[in-house]
Amino acid sequence: MAAAEEPKLIVVADAEALAQAAAQRVMARIAANPGRIAICLTGGSSPKKLYELLGSAPWRGKLPWDRVHWFIGDERFVLDSDPLNNMTVARATFLDHNAPAGHIHPIPTAVENPEAGAEAYARELQAFYGSESLDPARPLFDLVLMGAGPDGHTASLFPGYPAVEETARWVVGVPKANVAPFVPRVSLTLPALASCREMLFEIAGHDKRPILTRLLNGENLPALRARSEGETVWLVDRAALPEGIRGGR
């Protein structure tokens, strides 16, 4: 794959249109791969409407559930019974009623600490990929879903934290979060997240306008540093778009 390119900005009318556009991009990536598919989900509020859409008719009937494996880019270090657990939310919203159980790959949190969870998940990713080293010509994921936090974090890679600078490991423990909820995290690293055919950011709502302004101004934040080795797309609704910025398809 070619070196990471500048993000492509796509602007849609509102959060509903954003979920529709994101679902269409999910389906396009699935259609482009006739074999085993790997999608890396994201937590937080950004993907909720997308997940609801994928679990509803007619979308769920279009998904080849037997070919798709679902991973997650980061997890709050809480048990899967906790409503703060990102994968638990995704499972309840659309996965458990549709995906084969063996195709859902949560980050382990019933272990002694976030580092143990990170090591276990790295082993699972490497077993799925078939190697302990990433080949730019063979992406780990078909699609990585991402969001941007108010401080510019993405996944659980916070500004100024050592996890952002990790280049060798695929997954790391994050002992302390920079934003609420203030619980430890486990996160994929920038190189692991970059190993994808498409990285799709969903950025919606007036409250995201300040951070999107900073990102569009080129501030060196994790959400700007996160780039696919394939295509990076920022899918943005008009409420989040700074004044004077015009995007297109």
* Structure fact -> Result of the Cβ filter at 7 Å on the range 126-137, keeping first residues that are outside any loop (DSSP other than H, G, I, E, B) and partners that are open to solvent by 60 Å² or more (accessible area, probe 1.4 Å), at least 6 apart or interchain, is Gln126/Glu132
* Structure fact -> Flagged pairs (Cβ under 8 angstrom, 6 or more apart or on separate chains; first in the range 172-184, part of a loop (DSSP other than H, G, I, E, B); second surrounded by 13 or more Cβ atoms within 10 Å (Cβ to Cβ) and β-branched (Val, Ile, Thr)) are Ala177/Val183; Val183/Val78; Pro184/Val174
* Those helices (runs of 4 or more DSSP H) lying entirely in the range 1-87 with at least 3 residues open to solvent by less than 30 Å² (accessible area, probe 1.4 Å) -> 15-31, 48-54
* To do: Within the range 178-191, identify whether any single residue is crowded, with 24+ Cβ neighbours inside 10 Å, farther than 30 Å from Ala31 by Cβ and at pLDDT 95 or above, and answer yes or no.
  => yes
* Take the residues of the range 95-127 that are farther than 20 Å from Pro191 by Cβ and under 16 Å from the mean Cα position of the chain (by Cα): which is surrounded by the most Cβ atoms within 10 Å (Cβ to Cβ)? -> Leu95
* To do: Within the range 97-107, count every residue that is closer than 18 Å to Thr42 by Cβ and either polar (S, T, N, Q) or assigned to a loop (DSSP other than H, G, I, E, B) (or both).
  => 4
* Asked: Do you know which residues across the range 194-228 are within 17 Å of the chain's Cα centre (by Cα), of a type in the set (Asp, Glu) and surrounded by fewer than 23 Cβ atoms within 10 Å (Cβ to Cβ)?
  -> Glu198
* To do: Kindly indicate whether any position in the range 135-152 is of a type in the set (Phe, Trp, Tyr), farther than 19 Å from Gly44 by Cα, open to solvent by less than 10 Å² (accessible area, probe 1.4 Å) and modelled with pLDDT of 95 or more.
  => yes
* Filter result (under 13 Å from Arg91 (Cα atoms) and among the hydroxyl-bearing types (Ser, Thr, Tyr)) within the range 42-69 -> Thr42, Tyr51
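The values are calculated or read from the model by the stated rules, or taken from the named source; none is laboratory data. Note that the structure is a prediction, hence the values are computed from the model and not measured. Because the Cβ atoms are built from the backbone with ideal geometry, glycine has one as well, and the counts that use them run over all protein chains shown. When the accessible area is computed, the model is the full protein with side chains, heavy atoms only, and any ligands, DNA or RNA have been set aside. Shrake-Rupley method; radii C 1.70, N 1.55, O 1.52, S 1.80 Å.
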